[in-house]
Amino acid sequence: MASDAEIEETMLRLVAERGADKTCCPSEVARALGGPHPDGWGPLMQPVRRVAVRLTKQGRVQIVRKGKPVADPDDFRGIYRLGTPRA
């Protein structure tokens with residue numbers, strides 16, 4: 001299992017690679033660390049979400065749902081994507 005530090009590093013790298021107007025799927029972060037098989041990346045989805053929430057609160061990542069930033073990173077449901085924070 002990947003550490004929070006490894007998840008954070010991978011997440012920040014993938015978001016930066018996408019650029020300002022693009023987002024990445026949290027499963028891309030999990031797959032980059034756990035490999036292509038669901039048994040490898042599936043268990044990483046909750047830790048990826050936890051790190052995404054922390055980085056959003058720090059202003060380093062933005063959680064996006066339906067094209068809009070989530071209002072409360074502690075309280076959102078459903079499919080989400082990760083992007084660079086907008087100014």
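The values are calculated or read from the model by the stated rules, or taken from the named source; none is laboratory data. No experiment lies behind these values; they were computed from the predicted model shown. All Cβ positions, glycine included, derive from the backbone under ideal geometry; neighbour counts span all protein chains shown.
Tally up the residues in segment 19-49 that are within 17 Å of I79 (Cβ to Cβ) and either at pLDDT below 95 or of a type outside the set (F, W, Y) (or both), please.
So in segment 19-49, the residues within 17 Å of I79 (Cβ to Cβ) come out as 22-31, 38, 41-42, 44-46, 48-49.
Narrowing further to those that are either at pLDDT below 95 or of a type outside the set (F, W, Y) (or both): 22-31, 38, 42, 44-46, 48-49.
Qualifying residue count for the region: 17.
Per-residue answers, yes or no, for (1) touching a Leu at 6+ places or on another chain (Cβ under 7 Å); (2) among the small types (G, A, S); (3) over 19 Å from E17 (Cβ atoms):
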site	(1), (2), (3)
A30	yes, yes, no
H37	no, no, yes
K57	no, no, yes
I63	yes, no, no
K68	no, no, yes
D72	no, no, yes
Y80	no, no, no
T84	no, no, no
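Would you kindly identify the helices (runs of 4 or more DSSP H) lying entirely within the chain that contain at least 2 residues that are exposed (fewer than 11 other Cβ atoms within 10 Å of the Cβ) and free of Cβ contacts under 8 Å to residues at least 24 places away in the same chain?
Working: elements: 4-18, 26-34, 38-41, 45-57.
Because the criterion is at least 2 residues that are exposed (fewer than 11 other Cβ atoms within 10 Å of the Cβ) and free of Cβ contacts under 8 Å to residues at least 24 places away in the same chain, the helices (runs of 4 or more DSSP H) in the chain that meet it are 4-18.
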